[in-house]
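Asker: Pasting a structure below so you can have a look.
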Amino acid sequence: VAQAYVNQRKLDHEVKTLQTQAGQFAKQTSQWISMVENFNQALKEIGDVENWARSIEMDMRTIATALEYVHKGQLQPASS
């Protein structure tokens with residue numbers, strides 16, 4: 001009976017230790033998840049900026065092409 005009591009106390013101590021470690025691991029995992037979500041959000045924002053920049057670049061190329069066309073005199077005034 002004495003040995004069972006000693007073993008039970010050891011088990012109780014191990015359970016408490018395991019619960020503490022599990023709580024710390026859960027907290028750390030939650031922090032990691034938060035960091036990954038923030039990183040994903042930052043990547044999405046970078047993608048949004050990249051798409052915006054591509055759109056602006058295409059608009060600027062269109063404007064540059066139109067200006068070149070006008071500069072070369074290829075546009076004729078409309079006759080009335």
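The values are calculated or read from the model by the stated rules, or taken from the named source; none is laboratory data. Keep in mind that this is a model prediction, so the values were computed, not measured. SASA here: full protein model, heavy atoms, side chains in, ligands and nucleic acids out. Shrake-Rupley method; radii C 1.70, N 1.55, O 1.52, S 1.80 Å.
Asker: At 222 nm, what helix-only mean residue ellipticity would the chain give, in deg cm²/dmol to the nearest 500, using -39500 (n - 2.57) for each DSSP H run of four or more?
Answerer: Here the helix-only value at 222 nm equals -33500 deg cm²/dmol.
Asker: Compute the whole-percent fraction of alpha carbon pairs in the chain spaced more than 22 Å apart.
Answerer: Counting every Cα pair in the chain, those more than 22 Å apart make up 68 percent.
Asker: Here is a follow-up. Would you mind telling me the share, in percent, of accessible area of the chain contributed by carbon and sulfur at probe 1.4 angstrom?
Answerer: The nonpolar share, carbon plus sulfur, comes to 61 percent.
Asker: Let me ask another. Could you give each residue of the stretch 28-35 its phi-based ³J(HN,Hα) in whole Hz, using Karplus coefficients 6.51, -1.76, 1.60 with θ = phi - 60°, and x for Gly or Pro?
Answerer: 5, 4, 4, 5, 5, 4, 4, 4
Asker: Something else about it: Would you mind getting the accessible area per residue of the chain, heavy atoms of the protein chains only, 1.4 Å probe, in Å²?
Answerer: Accessible area per residue: 97 Å².
Asker: Still on this structure, I have one more. Short version: ³J(HN,Hα) in whole Hz for each residue of the stretch 9-20, in order, from phi by Karplus 6.51 cos²θ - 1.76 cosθ + 1.60 (θ = phi - 60°), x for Gly and Pro, what are they?
Answerer: 5, 4, 4, 4, 5, 5, 5, 4, 4, 5, 4, 5
Asker: Connecting C-alpha atoms closer than 10 Å in a GNM of the chain, tell me which of E68, E37, E50 has the biggest fluctuation.
Answerer: Highest fluctuation among the options: E68.
Asker: Between the stretch 28-54 and the stretch 1-25, how far is it from one alpha carbon centroid to the other, in angstrom?
Answerer: Between the Cα centres of the stretch 28-54 and the stretch 1-25 lies a distance of 41 Å.
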